[in-house]
1. I need a count of the residues in the stretch 209-252 that are in contact with a helix residue (DSSP H, G or I) (Cβ under 7 Å, 6 or more places away or on another chain) and either assigned to a loop (DSSP other than H, G, I, E, B) or modelled with pLDDT under 95 (or both).
2. Against the condition open to solvent by less than 60 Å² (accessible area, probe 1.4 Å), part of a loop (DSSP other than H, G, I, E, B), in contact with a helix residue (DSSP H, G or I) (Cβ under 6 Å, 6 or more places away or on another chain) and modelled with pLDDT of 95 or more, how does Ala258 come out, does it pass?
3. Here are the criteria: (1) touching a residue at least 40 places away in the same chain (Cβ under 8 Å); (2) over 23 Å from Met186 (Cβ atoms); (3) crowded, with 17+ Cβ neighbours inside 10 Å; (4) not charged (D, E, K, R). Tell me which single one Ala357 does not satisfy.
4. Give just the number: which of (1) crowded, with 16+ Cβ neighbours inside 10 Å; (2) out of contact with any strand residue (DSSP E or B) (no Cβ under 7 Å at 6 or more places or on another chain); (3) at pLDDT 95 or above does Val131 not satisfy?
5. Inspect all residues belonging to the stretch 165-174 and state whether any of them is closer than 29 Å to Ala464 by Cα, part of a strand (DSSP E or B), open to solvent by 40 Å² or more (accessible area, probe 1.4 Å) and of a type in the set (S, T, N, Q).
6. Can you give me the number of residues within the stretch 412-436 that are over 27 Å from Glu370 (Cα atoms), open to solvent by 30 Å² or more (accessible area, probe 1.4 Å) and hydrophobic (A, V, I, L, M, F, W, C)?
7. Identify the residue in the stretch 360-380 that is closer than 25 Å to Val417 by Cβ and of a type in the set (D, E, K, R) and, among all such residues, is surrounded by the fewest Cβ atoms within 10 Å (Cβ to Cβ).
8. Kindly indicate the residue of the stretch 282-308 that is open to solvent by 80 Å² or more (accessible area, probe 1.4 Å) and either of a type in the set (S, T, N, Q) or outside any loop (DSSP other than H, G, I, E, B) (or both) and also farthest from Asp352 (Cα to Cα) among those meeting that condition.
Amino acid sequence: MSNPQDPASAGQSPQSGQTLWGGRFSAKPADIMQAINVSIGVDKRLWAQDLRGSRAHCRMLIDKGIVRPDDGAAILGGLDTIQAEIEAGTFPFRDEYEDIHLNVEARLSELIGEASGRLHTARSRNDQVAVDFRLWVRDACDRSVEQLKALQRALLERAEQHAGDLMPGFTHLQTAQPVTLGHHLMAYVEMAGRDAGRFADARARMNESPLGAAALAGSPFPIDRHATAAALGFDGPMRNSLDAVSDRDFALETLAAASITAGHLSRLAEEIVVWMTPMFGFVTLPDDLTTGSSIMPQKRNPDAAELVRAKTGRIMGSFVALSTVMKGLPLAYSKDMQEDKPPVFEAMDALDLALTAMTAMVSAFRPNTERMAEAASWGFSTATDLADWLVREADLPFRQAHHVTGAAVKRAEQLGVGLAQLPLAELQSLHPGVTEAVYKVLTPEASCASRQSFGGTAPEQVRARIAEWKDRL
C-alpha cells in the first residue's frame, strides 16, 4: 500500500536484493513520499487476516499445481512462524516495508528464502488488502452484534425489575403521559435489536471474497476462487474483478450501522445525564462509574455517559470521512483507499468502548422509583385520560373532549391543584356529563394500566414484550 524507505534496500526482498516493485524504479522514494506512504502503524492490525488469506491462497496454489508442494509447505511453515512471532511480540514490524503485506512477505523471505516469492503468484496487494480488510470488518460486525445482545440482556433484566414502576413519559422533554421505567428501557431494547440487524445485514452483503481478482482484471493462472472463498468463510467470490478491488461499500455500510447505533447510545447516555441531575433525581450511578470534581467535593459526574455521548461524534465523523474519500474515485484501486482503515478502526474501537460502558451503566444504575412515581403525576400527565374518558363515557368527539380537557387543565392551574384534585363541580361546569367515575382514570397508575394496546406501557404489555425478547435472544 506504500513504498519502502531504507536507502540501501528500499522495497527489497531481504535475501534476493530485488525490489518488491520489480525493475521499474531506479531511485529510492523521497523522504516525503515515504512519510505519506507508510501505513504499517495502522494496518498491522490486519496481521491475522493477512495470514489467514495467505494460507488460503497458498493451499489453493498447491492444489491447482501452480506452486510445488515443497515450496507450499515451506510457505505455510513460514507463515506459522510469523504468527508465533507476532503473538509473542517479537515480530520486527518495519517502516521500510510499509504495510502489513510487505512486512509479512519480507519476513517470510528471511525465513524460507526464494520460495517465499511464489506466494504472491496470481494475486495483487489490491485483492490482498481487500480480502484482509473485509475479513476484519466482518469480524467487527460479529463483535458488535454480540455486544448489542449483551446490552439488550442488561436492559431486559432492568426492564423486568421495573416493569410496573411509574415514571413520566416525555415529549419535547415536557411531561406527556405516565409510563413505566420498564417500558422506557424496552424502547432501547428495540433500538438495539434494529442495530444488531443492520450489522447482520451488512455482514451478509459483504460475505463475498475479492481474493483472486488480482490487481483489477483477474488472473491468467488456473486459480480456484471458489475454493479460497470457502476456505475464508465467504459465500462465494465476488463476480467482477474491478468491483472486487475497488469496493469499500462493506466498510461504509458498517460505519453507517455504527453511526446509527452510536446515536441510540447517545440518546440513552443523554437521558442518564439528565436523570442524574438533582432537579430530576431519577437515578444514580455507583462510584466506580462516575467521577468527582477537583474543586467541588459534592460532585458526582456521569462522565462515562458523557463520553459515550461524545464518541458518537467521532463515529459519525468516520462515516463522513470514508464517504468523502470514496466519492470521486474512478475504478479500480487508487491509493486514496489506503485511508479507508483509520476511520473504520477508530469508529469500531469507539463503538466497542461505548457499548461496553453503556452495558455497565445499565446494569449498575440505581433508580429512585419513589421520585419517578411522584414525577409521573406532575404536569397534568393524565389529561389525555380525561379526554379519553369523555369520549368513552360522555360520547364526545375527541376534538371536543380535547377542548373540555384543556379548559379543565387551565382551571386546575388557577386553583393550584392536579386534575385528580379538581372538584367534581368544576368538571361538571365544563361538561355536565362528567361523573364521579372520572376520578378512577386520573391517577398515573390507572393511566398506565389502561394502555393495553400492543406495545403499550401497561405492565402486562411490558412483561409480554420482555418475554418475547428473551425468547429471541
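1. Residues flagged as in contact with a helix residue (DSSP H, G or I) (Cβ under 7 Å, 6 or more places away or on another chain) and either assigned to a loop (DSSP other than H, G, I, E, B) or modelled with pLDDT under 95 (or both) within the stretch 209-252 amount to 15.
2. no
3. (2)
4. Single failed check for Val131: (2).
5. The answer is yes, given that some residue of the stretch 165-174 is closer than 29 Å to Ala464 by Cα, part of a strand (DSSP E or B), open to solvent by 40 Å² or more (accessible area, probe 1.4 Å) and of a type in the set (S, T, N, Q).
6. 3
7. Applying the filter and picking the extreme gives Glu370.
8. Only one residue fits best here, namely Gln298.
The values are calculated or read from the model by the stated rules, or taken from the named source; none is laboratory data. This is a predicted model, so every value here is computed, not measured. Positions of Cβ are backbone-derived with ideal geometry, glycine not excepted, and every protein chain shown enters the neighbour counts. Accessible surface areas use protein heavy atoms only, side chains included; no ligands, DNA or RNA. Shrake-Rupley method; radii C 1.70, N 1.55, O 1.52, S 1.80 Å.
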